[in-house]
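Taking it in order: structure first as C-alpha coordinates, then the write-up.
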Ligand code: URA
(Lines give C-alpha, C1' and ligand atoms only; values in the text may rest on other atoms or scores of the structure.)
Protein backbone atom coordinates (compact mmCIF):
# COMPACT_ATOMS: atom_id res chain seq x y z
CA UNK A 1 0.00 0.00 0.00
CA UNK A 2 1.34 3.41 -0.98
CA UNK A 3 1.20 5.48 2.23
CA UNK A 4 0.01 9.04 1.85
CA UNK A 5 1.76 11.71 3.88
CA UNK A 6 -0.30 12.13 7.08
CA UNK A 7 -1.15 15.76 6.34
CA UNK A 8 -2.25 14.79 2.85
CA UNK A 9 -4.27 11.85 4.19
CA UNK A 10 -6.03 14.09 6.73
CA UNK A 11 -6.75 16.58 3.97
CA UNK A 12 -8.23 13.85 1.77
CA UNK A 13 -10.47 12.72 4.65
CA UNK A 14 -11.57 16.27 5.52
CA UNK A 15 -12.63 17.01 1.96
CA UNK A 16 -13.86 13.53 1.03
CA UNK A 17 -16.94 13.16 -1.16
CA UNK A 18 -16.73 9.41 -1.79
CA UNK A 19 -20.14 8.81 -0.19
CA UNK A 20 -23.21 10.89 0.53
CA UNK A 21 -22.19 11.56 4.16
CA UNK A 22 -19.86 14.19 2.74
CA UNK A 23 -22.96 16.23 1.90
CA UNK A 24 -24.39 16.27 5.42
CA UNK A 25 -21.32 16.44 7.68
CA UNK A 26 -20.19 19.60 9.45
CA UNK A 27 -16.68 18.24 10.00
CA UNK A 28 -15.06 14.98 9.06
CA UNK A 29 -13.46 13.32 12.08
CA UNK A 30 -10.01 12.21 11.06
CA UNK A 31 -9.12 10.64 14.43
CA UNK A 32 -6.54 11.77 16.95
CA UNK A 33 -3.76 10.67 19.23
CA UNK A 34 -0.23 9.36 19.05
CA UNK A 35 0.75 8.39 15.51
CA UNK A 36 3.11 5.80 16.93
CA UNK A 37 0.72 4.47 19.57
CA UNK A 38 0.88 0.79 20.41
CA UNK A 39 -2.84 0.75 21.16
CA UNK A 40 -5.42 1.94 18.65
CA UNK A 41 -9.15 2.23 19.40
CA UNK A 42 -11.65 2.07 16.58
CA UNK A 43 -15.22 3.23 17.10
CA UNK A 44 -18.16 3.29 14.74
CA UNK A 45 -18.80 6.79 13.45
CA UNK A 46 -18.93 10.38 14.69
CA UNK A 47 -22.04 11.51 16.56
CA UNK A 48 -23.41 15.05 16.86
CA UNK A 49 -20.67 16.37 19.17
CA UNK A 50 -17.90 14.83 17.11
CA UNK A 51 -19.40 16.22 13.90
CA UNK A 52 -19.58 19.69 15.47
CA UNK A 53 -16.03 19.62 16.88
CA UNK A 54 -14.22 17.43 14.34
CA UNK A 55 -12.81 15.27 17.16
CA UNK A 56 -13.49 11.61 17.96
CA UNK A 57 -15.28 10.58 21.13
CA UNK A 58 -15.80 14.07 22.57
CA UNK A 59 -19.44 13.59 23.63
CA UNK A 60 -21.00 11.29 26.24
CA UNK A 61 -19.39 8.16 24.82
CA UNK A 62 -16.07 10.03 24.94
CA UNK A 63 -16.44 10.71 28.67
CA UNK A 64 -17.08 7.00 29.17
CA UNK A 65 -14.05 6.13 27.03
CA UNK A 66 -11.80 8.48 29.00
CA UNK A 67 -12.86 6.83 32.26
CA UNK A 68 -12.31 3.34 30.80
CA UNK A 69 -8.86 4.28 29.51
CA UNK A 70 -7.96 4.97 33.14
CA UNK A 71 -8.73 1.31 33.99
CA UNK A 72 -6.20 0.29 31.33
CA UNK A 73 -3.64 2.75 32.73
CA UNK A 74 -3.78 4.69 29.47
CA UNK A 75 -4.26 8.35 28.60
CA UNK A 76 -5.93 9.66 25.47
CA UNK A 77 -2.68 11.24 24.25
CA UNK A 78 -0.83 7.92 24.27
CA UNK A 79 -3.32 5.97 22.15
CA UNK A 80 -4.86 6.65 18.74
CA UNK A 81 -8.64 6.94 18.51
CA UNK A 82 -10.31 6.56 15.13
CA UNK A 83 -13.54 5.37 13.60
CA UNK A 84 -14.84 3.12 10.84
CA UNK A 85 -16.66 6.08 9.27
CA UNK A 86 -15.11 9.53 9.33
CA UNK A 87 -18.41 11.38 8.81
CA UNK A 88 -21.58 11.35 10.90
CA UNK A 89 -24.49 9.30 9.55
CA UNK A 90 -27.73 11.31 9.74
CA UNK A 91 -29.50 10.81 13.09
CA UNK A 92 -26.62 8.51 14.12
CA UNK A 93 -28.04 5.64 12.08
CA UNK A 94 -25.86 2.58 11.54
CA UNK A 95 -23.11 2.80 8.92
CA UNK A 96 -24.22 1.39 5.56
CA UNK A 97 -22.06 -1.08 3.68
CA UNK A 98 -21.42 1.29 0.76
CA UNK A 99 -20.20 3.90 3.27
CA UNK A 100 -17.93 1.38 4.99
CA UNK A 101 -16.48 0.33 1.63
CA UNK A 102 -15.87 3.97 0.63
CA UNK A 103 -14.39 5.07 3.96
CA UNK A 104 -12.29 2.21 5.32
CA UNK A 105 -9.33 2.68 2.94
CA UNK A 106 -8.60 5.74 5.12
CA UNK A 107 -8.61 3.59 8.26
CA UNK A 108 -6.41 1.03 6.50
CA UNK A 109 -3.89 3.79 5.79
CA UNK A 110 -4.01 4.93 9.41
CA UNK A 111 -3.33 1.37 10.64
CA UNK A 112 -0.41 0.98 8.21
CA UNK A 113 1.07 4.22 9.43
CA UNK A 114 0.51 3.75 13.19
CA UNK A 115 1.37 0.02 13.17
CA UNK A 116 -0.43 -0.67 16.46
CA UNK A 117 0.35 -3.86 18.35
CA UNK A 118 -3.19 -3.90 19.78
CA UNK A 119 -6.37 -2.83 18.02
CA UNK A 120 -9.38 -2.43 20.32
CA UNK A 121 -12.60 -2.62 18.34
CA UNK A 122 -15.41 -0.71 19.99
CA UNK A 123 -18.67 -2.36 19.02
CA UNK A 124 -19.89 -4.66 16.27
CA UNK A 125 -19.00 -2.57 13.21
CA UNK A 126 -15.35 -2.13 14.13
CA UNK A 127 -15.06 -5.76 15.28
CA UNK A 128 -16.47 -7.17 12.08
CA UNK A 129 -14.41 -4.92 9.81
CA UNK A 130 -11.10 -5.52 11.62
CA UNK A 131 -11.47 -9.29 12.03
CA UNK A 132 -12.31 -9.62 8.32
CA UNK A 133 -9.48 -7.29 7.31
CA UNK A 134 -6.95 -9.44 9.17
CA UNK A 135 -8.25 -12.73 7.75
CA UNK A 136 -10.30 -13.73 10.79
CA UNK A 137 -13.75 -13.68 9.17
CA UNK A 138 -14.55 -17.07 10.73
CA UNK A 139 -14.17 -15.53 14.21
CA UNK A 140 -16.77 -12.81 13.67
CA UNK A 141 -19.59 -13.06 16.22
CA UNK A 142 -21.77 -10.54 18.02
CA UNK A 143 -19.96 -8.36 20.53
CA UNK A 144 -21.86 -9.90 23.46
CA UNK A 145 -20.14 -13.19 22.68
CA UNK A 146 -16.62 -12.10 21.81
CA UNK A 147 -15.94 -8.97 23.87
CA UNK A 148 -12.76 -9.36 25.90
CA UNK A 149 -11.29 -12.06 23.62
CA UNK A 150 -7.87 -11.46 22.09
CA UNK A 151 -7.23 -12.59 18.51
CA UNK A 152 -3.74 -12.61 17.06
CA UNK A 153 -3.29 -12.02 13.34
CA UNK A 154 -0.44 -11.32 10.97
CA UNK A 155 -0.18 -7.69 9.83
CA UNK A 156 2.05 -6.21 7.13
CA UNK A 157 4.31 -4.90 9.92
CA UNK A 158 4.37 -7.93 12.25
CA UNK A 159 1.56 -9.28 14.34
CA UNK A 160 -1.42 -7.54 15.74
CA UNK A 161 -3.64 -8.38 18.70
CA UNK A 162 -7.29 -7.64 18.11
CA UNK A 163 -9.55 -7.10 21.08
CA UNK A 164 -13.29 -6.60 20.59
CA UNK A 165 -15.06 -4.61 23.28
CA UNK A 166 -18.53 -3.22 23.81
CA UNK A 167 -18.94 0.30 22.45
CA UNK A 168 -18.72 2.72 25.44
CA UNK A 169 -22.03 4.34 24.39
CA UNK A 170 -23.78 1.16 25.57
CA UNK A 171 -23.30 2.39 29.16
CA UNK A 172 -25.66 5.30 28.53
CA UNK A 173 -28.58 2.89 28.08
CA UNK A 174 -27.37 -0.20 29.97
CA UNK A 175 -25.48 0.55 33.18
CA UNK A 176 -24.78 -3.18 33.68
CA UNK A 177 -22.29 -3.01 30.81
CA UNK A 178 -20.11 -0.55 32.70
CA UNK A 179 -18.49 -3.23 34.89
CA UNK A 180 -18.08 -5.54 31.88
CA UNK A 181 -16.27 -2.79 29.97
CA UNK A 182 -14.18 -1.95 33.03
CA UNK A 183 -13.13 -5.59 33.29
CA UNK A 184 -12.16 -5.73 29.61
CA UNK A 185 -10.09 -2.54 29.94
CA UNK A 186 -8.36 -4.04 32.98
CA UNK A 187 -7.60 -7.08 30.82
CA UNK A 188 -6.17 -4.71 28.19
CA UNK A 189 -3.87 -3.25 30.85
CA UNK A 190 -2.31 -6.67 31.36
CA UNK A 191 -1.73 -7.51 27.70
CA UNK A 192 1.89 -6.99 26.63
CA UNK A 193 2.06 -4.06 24.23
N1 LIG B 1 -19.10 7.00 18.77
C2 LIG B 1 -18.19 6.53 17.92
O3 LIG B 1 -18.24 5.37 17.51
N4 LIG B 1 -17.24 7.34 17.53
C5 LIG B 1 -17.12 8.58 17.96
O6 LIG B 1 -16.19 9.25 17.57
C7 LIG B 1 -18.07 9.04 18.88
C8 LIG B 1 -19.07 8.24 19.28
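The values are calculated or read from the model by the stated rules, or taken from the named source; none is laboratory data. Nothing here was measured: the structure is a model prediction, and the numbers come from that model. FYI the Cβ positions are ideal-geometry reconstructions off the backbone, even for glycines, and counts take in every protein chain you see.
Only a single criterion out of (1) free of Cβ contacts under 8 Å to residues at least 60 places away in the same chain; (2) not in a loop (DSSP other than H, G, I, E, B) is not satisfied by residue 102, namely (1).
Each row is one residue, and each column tells you yes or no for (1) within 23 Å of residue 184 (Cβ to Cβ); (2) more than 10 Å from the ligand (Cβ to nearest atom); (3) touching a strand residue (DSSP E or B) at 6+ places or on another chain (Cβ under 9 Å); (4) touching a residue at least 12 places away in the same chain (Cβ under 8 Å).
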site: 11; (1), (2), (3), (4): no, yes, no, no
site: 28; (1), (2), (3), (4): no, yes, no, yes
site: 35; (1), (2), (3), (4): no, yes, yes, yes
site: 94; (1), (2), (3), (4): yes, yes, no, yes
site: 98; (1), (2), (3), (4): no, yes, no, yes
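Just one of the listed residues (161, 183) is at pLDDT 95 or above and over 21 Å from residue 83 (Cα atoms), and it is 183. When the residues of segment 100-146 are filtered to those that are farther than 24 Å from residue 32 by Cα and touching a strand residue (DSSP E or B) at 6+ places or on another chain (Cβ under 8 Å), the one that is surrounded by the fewest Cβ atoms within 10 Å (Cβ to Cβ) is 135. The test for being away from the ligand (no atom under 15 Å from the Cβ), part of a helix (DSSP H, G or I) and over 15 Å from the mean Cα position of the chain (by Cα) does not hold for residue 108.
If I filter segment 152-164 for residues that are surrounded by 13 or more Cβ atoms within 10 Å (Cβ to Cβ) and under 20 Å from residue 61 (Cβ atoms), do I get at least one hit? Yes, some residue in segment 152-164 is surrounded by 13 or more Cβ atoms within 10 Å (Cβ to Cβ) and under 20 Å from residue 61 (Cβ atoms).
Out of all the residues in segment 121-142, which are out of contact with any helix residue (DSSP H, G or I) (no Cβ under 8 Å at 6 or more places or on another chain) and closer than 15 Å to residue 170 by Cα? Give the derivation first.
Keep residues of segment 121-142 that are out of contact with any helix residue (DSSP H, G or I) (no Cβ under 8 Å at 6 or more places or on another chain), which gives 126, 128, 130, 132, 134-136, 138, 141.
Scanning segment 121-142 gives a single hit, 126.
From the list 78, 137, pick out the single residue that is within 27 Å of residue 19 (Cα to Cα) and either more than 14 Å from the chain's Cα centre (by Cα) or in contact (Cβ under 8 Å) with a residue 40 or more places away in the chain (or both). Write out each step before concluding.
Values: 78 fails: within 27 Å of residue 19 (Cα to Cα).
Residue meeting the stated conditions: 137.
Conditions (1) under 22 Å from residue 104 (Cα atoms); (2) under 18 Å from the mean Cα position of the chain (by Cα), marked per residue:
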residue: 131; (1), (2): yes, yes
residue: 141; (1), (2): yes, yes
residue: 155; (1), (2): yes, yes
residue: 170; (1), (2): no, yes
residue: 175; (1), (2): no, no
residue: 181; (1), (2): no, yes
residue: 188; (1), (2): no, yes
residue: 192; (1), (2): no, no
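Taking (1) surrounded by fewer than 22 Cβ atoms within 10 Å (Cβ to Cβ); (2) in contact with a strand residue (DSSP E or B) (Cβ under 7 Å, 6 or more places away or on another chain) in turn, residue 187 satisfies each apart from (2). For segment 111-149, residues that are closer than 23 Å to residue 7 by Cβ and part of a helix (DSSP H, G or I) total 4.
How many residues are in a helix (DSSP H, G or I), over 24 Å from residue 175 (Cβ atoms), out of contact with any strand residue (DSSP E or B) (no Cβ under 7 Å at 6 or more places or on another chain) and away from the ligand (no atom under 12 Å from the Cβ) if we restrict to segment 39-90? Please lay out each step first, then the result.
We begin by selecting, within segment 39-90, every residue in a helix (DSSP H, G or I); these are 48-53, 60-71, 76-78, 90.
Narrowing the set further to residues that are over 24 Å from residue 175 (Cβ atoms) leaves 51-53, 77-78, 90.
From what's left, out of contact with any strand residue (DSSP E or B) (no Cβ under 7 Å at 6 or more places or on another chain): 51-53, 78, 90.
If we keep only those that are away from the ligand (no atom under 12 Å from the Cβ) too, we end up with 78, 90.
So the count comes out to 2.
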